[in-house]
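Contents: one structure, followed by commentary.
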Amino acid sequence: MPCNFGLRALAEHVKRGVRAAGGTPMEFNTIAISDGITMGTEGMKTSLVSREIIADSIELMGRGHMFDAMVVLVGCDKTIPAGAMALLRLDVPGLVLYGGSIQPGRFHGRDVTIQDLFEAVGANAAGKMSDADLRELEDHVCPGAGACGGQFTANTMAMALEFLGLSPMGTASVAATDPAKEQVAAECGSLVLDLLRRGVTPRAITTRAAFENAIAGVAASGGSTNAVLHLLALAREIGVPLTIDDFDRVSRRTPLLADLKPGGQYTAVDLGHAGGTGVVAQRLLAAGLVDGGALTVRGTFADEVARVRETPGQVVVHPLAQPLKATGGLVILKGNLAPDGCVVKVAGHERLTHRGPARVFEREEDAMAAATHGTIKAGDVLVIRYEGPRGGPGMREMLGVTAALTGAGLGEQVALLTDGRFSGATRGLMAGHVAPEAAVGGPIAAVCDGDLITFDITARRLDVEVSDVVLRERLAAWKPPAPRYTSGVFAKYVALVSSAAEGAITRPR
């Protein structure tokens, strides 16, 4: 898949750097699941599961071969957090190197990303785009190697790891096919030997302050809601006291500064041309919104910011005095539908409230059929349940549904909530990670068609307008569904996975 297509060649340059610094490189690889290819299918259930297996496999190789240090090359949504999880488990000197963003495609004279293609499916179904144009867009949207080109999950997590300190700042902003990436890789190969000599390990870097820096980077860039899941998982690996509520607290104090897709205008490649992720870091450090003393693989956060060179006249990252919004792109809602919380991304849309009747779907495919056949009406609230970590299993992303609604012109007229996830390319009023999930008897399991549901972003509430008594009666009559898988990897995952509010990590019960 495009995300990881260039990593094998990039590894050669990492090894060149390792050798130049006096080390002996040994290369091994792991699996990856393409969210773009599996989206909307049963295969998408494997995506989040793969995060655990990737982390497990890297950990096993590291322990089995007793490597002294490690450079983890990553390129897609799940390999990025998985690689970091493995480093934290092993706690040997190491860093994460992101393969980089794909270049934008060109369609009818404008830059396009995979987001445009998924939304075009909805436009085509609604008769707003011809079959020929849809095919032309499909043929041009992915012009080469690299991860999806907006501030979607891969680029969000790559930025988050730079702010966390596990990746050298500025390396993620160099696009996958940029010739400069080869030198970046060689420098990372040399850097890992420096980390080994200094005895700096990942757990020394990933403090509570570092995690708050990472959250601030996500919030200021309008990043993916998946960052909540993955940063919680990283914190759980090493016992850092981080909760879902911390994301809302940090986001409230952090301005939205980067005008990036899906809510904004520009791509990750544009951010690289503007000076990279470090420009966002520079703004936040100047405002006192991040901890400059937090340790990174190259010194401190402030040291990293000192290396940043902003491109004169760039328009991707706004000045502190002129933010896109006064607060960041992530909010955490609670209420009688999500006692343990859910995640909403508010970058790129202005609606702060929505009240409408529930349209309940027991799986993503049924909601997608309704979205593409014109049966969803303005004002509706789509409820897609039994798609959580255990219920799915695997917590599928709902990009197909959300993009189809946007493409049909309903993106700002309906709302959606799910115990599953959203792609980083999703936009609109969408609440994901609703916890507890339906499969364990969370309140989302008791919603009926026609129930009025209210989103209130300002009050941080997600509620169904049903009395507590009725809700309790419905849940008392609820029966857990039969497991969708009774053997193999999915059954093992269901037995071990935690709530989305805990990062959906697997751990012994």
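Taking amide H positions as modeled 1.01 Å from N, with prolines and chain starts lacking one, the residues under 5 Å from TYR266 and 5 or more places away or on another chain are LEU260, LYS261. Structural size metrics of the range 236-361, computed from C-alpha coordinates, are Rg and Dmax of 17.2, 53 Å.
Taken about its Cα centre, the range 357-498 carries a charge dipole of about 420 debye when Lys and Arg each add +1 at the Cβ and Asp and Glu each add -1 at the Cβ. Spatial offset of the range 222-263 relative to the range 50-79 amounts to 23 Å, using the alpha carbon center of each. Taken about its Cα centre, the range 1-95 carries a charge dipole of roughly 220 debye when the Cβ of each Lys and Arg holds +1 and the Cβ of each Asp and Glu holds -1. So for the range 92-224, taking the charge dipole from beta-carbon charges (+1 Lys/Arg, -1 Asp/Glu), which of VAL174, VAL112, LEU161 sits furthest toward the positive end? Of the listed residues, the answer is LEU161.
Counting only alpha carbon atoms, the long axis of helix 114-125 and the longest principal axis of the chain meet at about 20°.
Under a 5 Å amide H cut-off, with hydrogens placed 1.01 Å from N, LEU330 pairs with VAL346 among residues at least 5 apart or on other chains.
Taking the range 207-284 on its own, what percent of its Cα-Cα pair distances exceed 21 Å? That fraction is 29 percent. Taking the average, over residues, of other Cβ atoms within 10 Å as the packing measure, peptides 392-401, 203-212, 122-131 rank 392-401, 203-212, 122-131 from highest down. A straight chain from ALA378 to LEU134 at 0.36 nm per residue would run longer than the Cα-Cα distance by 85.4 nm.
Applying both filters, DSSP loop and at most 13 other Cβ atoms within 10 Å, to the GluC sites (Glu not before Pro) of the range 412-509 gives GLU465.
Based on protein heavy atoms only, the chain ends up with 36 Å² per residue of surface accessible to a 1.4 Å probe. Counting Lys and Arg as +1 and Asp and Glu as -1, what is the net charge of the other residues whose Cβ lies under 14 Å from the Cβ of LEU195? Net local charge, LEU195 excluded: 0. Annotation: average projected area of the range 153-274 is 7.9 square nanometres, based on the convex hull of Cα atoms across all directions. Seen from all directions on average, the range 372-425 presents a Cα convex hull projection of 3.6 nm². Taking amide hydrogens as placed 1.01 Å from N in the peptide plane, the amide H of GLY341 sits under 5 Å from those of GLY335, ALA435, each at least 5 positions away in sequence or on another chain.
With pairing defined as another cysteine C-beta under 4.7 Å, the cysteines of the chain that fail it are CYS142, CYS148, CYS188, CYS342, CYS448.
Only one residue of GLY43, MET368, GLY99 has its Cα farthest out toward the positive end of the dipole of the chain, where Lys and Arg carry +1 and Asp and Glu -1 on Cβ, and that residue is GLY99.
Straight-line reach only, C-alpha to C-alpha below 13 angstrom: list the aspartates and glutamates that LYS377 could link to, leaving out same-chain residues fewer than 8 apart. The reachable aspartates and glutamates, counting only those whose Cα sits under 13 Å from LYS377, are GLU412. Dipole magnitude for the chain: about 860 debye, using +1 per Lys or Arg Cβ and -1 per Asp or Glu Cβ, origin at the Cα centre.
When both bridge partners sit in the chain, DSSP labels roughly 55% of those beta bridges antiparallel.
Treating the angle as unsigned and between 0 and 90°, give the value, to the nearest 10°, between the Cα long axis of helix 226-238 and the longest Cα principal axis of the chain. It works out to around 60 degrees.
Binning the alpha carbon pair distances of the range 15-150 at 5 angstrom intervals from zero yields the distribution 2, 9, 16, 16, 15, 12, 10, 8, 6, 4, 2, 1, 0, expressed in whole percent. With all projection directions averaged, the alpha carbon convex hull of the range 133-185 covers 4.2 nm².
Here the label points at VAL489 and ASP194, each 7 Å from Cα along the C-beta direction, are separated by 3.7 nm in the simple model. One entry in (i) 4, 15, 20, 21, 16, 12, 8, 4, 1, 0; (ii) 4, 21, 32, 27, 13, 3, 0; (iii) 4, 13, 15, 14, 14, 12, 10, 8, 6, 3, 1, 0 is P(r) over Cα pairs in 10 Å bins from 0, in percent calculated from the shown coordinates; its label is (ii).
Dividing the summed helix terms, -39500 (n - 2.57) for each DSSP H run of n ≥ 4, by the number of residues in the chain produces a 222 nm estimate of -12000 deg cm²/dmol to the nearest 500. Phi-derived couplings, Karplus 6.51 cos²θ - 1.76 cosθ + 1.60 at θ = phi - 60°, listed residue by residue for the range 431-445: 10, x, 6, 4, 9, x, 6, 4, 5, 10, x, x, x, 4, 5 Hz, with x used for Gly and Pro. Only lysines eight or more places from LYS492 in sequence, or on another chain, were considered; those with a Cα closer than 25 Å are LYS45, LYS78, LYS479. With θ taken as phi - 60° and the Karplus curve 6.51 cos²θ - 1.76 cosθ + 1.60 applied, the whole-hertz 3J(HN,Hα) list for the range 204-219 is 5, 8, 8, 8, 4, 4, 5, 5, 5, 4, 5, 4, 4, x, 5, 5 Hz, x standing for glycine and proline.
Between the residues HIS140, THR243, SER221, the greatest Cα displacement towards the positive end of the dipole of the range 134-258, with unit charges on the Cβ of Lys, Arg, Asp and Glu, is found for THR243. Against the main long axis of the alpha-carbon atoms of the chain, helix 153-164 sits at an angle near 50°.
The values are calculated or read from the model by the stated rules, or taken from the named source; none is laboratory data. What you see is a predicted model; the values in this text were computed from it and never measured. Note that we place each Cβ from the backbone using ideal geometry, even for glycine, and neighbour counts take in every protein chain shown. Each accessible area value is taken on the protein alone, full model and side chains, heavy atoms only, with ligands, DNA and RNA left out. Shrake-Rupley method; radii C 1.70, N 1.55, O 1.52, S 1.80 Å.
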